[in-house]
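Below is one structure, written out as structure tokens, with a few remarks after it.
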Amino acid sequence: EQRKKIEYLSFRDPLTGLYNRRYVEEKLQELDSGENLPLSIIVGDINSLKLANDIFGHSYGDQLLQRTAEALRRVLRTGDIIARWGGDEFLVLLPHTGAREAEKIVARIKDEVGREYIRGIQGTISLGFATKEKVEQKVLQVIKQAEDAMYTEKSLGRAGNDRRMLGNLLVAFHKASPRESGHAD
């Protein structure tokens, strides 16, 4: 029983219950073969998590991470592998999935994460994806392409995300202190 628990924890993120980076790195070796092609990879990064942690505290940030993980679980299919890749980053492996289908999945993830609200703040996530279509492509290069696409999206959307976050914060503040609404504006 103890051994099973240790094995579970060695491949899982304790906060979200998703697979961790170590598991994905091992699983990639299995999946990196012609029989799993096309293999699409999605990399996601929660927007404004640091700002949310700074304003509301780390327990809020933890809730945001957990809710994002739940949204990913609701959207993704059996056989897809979801992992918490880093602090506020997620990685999804989609065996037998071409670029068109991956693009549809990315849109569904954004919709689902956008339905999450915590303390009046709407969840948002920047996503990028890339697809390995040929055996000779290096899977680490495909991950890099997905990360680059995600960072491009994050950079292009940063000002809008910050404005949206500020607007959400003002709405939450006004609900908590209606008398201060005029002063805050």
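Numbers for the structure displayed
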| quantity | calculated |
| --- | --- |
| Calculated FRET value between E133 and Y23, using beta carbons and R₀ = 22 Å, to 0.05 | 0.35 |
| Protection-proxy order for peptides 108-115, 28-35, 4-11, each taking the mean of Cβ atoms within 10 Å per residue, highest first | 108-115, 28-35, 4-11 |
| Residue-normalised accessible area of the stretch 1-156, expressed per residue, 1.4 Å probe, Å² | 53 Å² |
| Candidates I118, I105, I143: whichever shows maximal mean-square fluctuation once the chain is modelled as a Gaussian network with Cα springs under 10 Å | I118 |
| Reported label for calculated Rg and Dmax of the Cα atoms in Å given (i) 18.3, 64; (ii) 41.3, 148; (iii) 26.2, 95 | (i) |
| When each of K104/K175; K4/K104; K50/K144; K50/K104 is checked by Cα-Cα distance, pairs over 31 Å | K104/K175; K4/K104 |
| Under the Karplus curve 6.51 cos²θ - 1.76 cosθ + 1.60, θ = phi - 60°, whole-Hz ³J(HN,Hα) for the stretch 105-114, x wherever Gly or Pro sits | 5, 4, 4, 5, 4, 4, 4, 5, 5, x |
| Within a Gaussian network of the chain (alpha carbon springs, distance under 10 Å), most fluctuating of D54, D80, D13 | D54 |
| Sulfur and carbon atoms: percent of accessible area, the stretch 1-127 [1.4 Å] | 47 percent |
| The chain, relative contact order [Cα under 8 Å, separation at least 6], % | 26 percent |
| GNM top mover of K144, K132, K27 - the chain, alpha-carbon springs below 10 Å | K27 |
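The values are calculated or read from the model by the stated rules, or taken from the named source; none is laboratory data. Computed from a predicted structure; not experimentally measured. Every residue, glycine as well, gets a Cβ built from its backbone with ideal geometry; the counts of neighbours run over all protein chains shown. Accessible surface areas use protein heavy atoms only, side chains included; no ligands, DNA or RNA. Shrake-Rupley method; radii C 1.70, N 1.55, O 1.52, S 1.80 Å.
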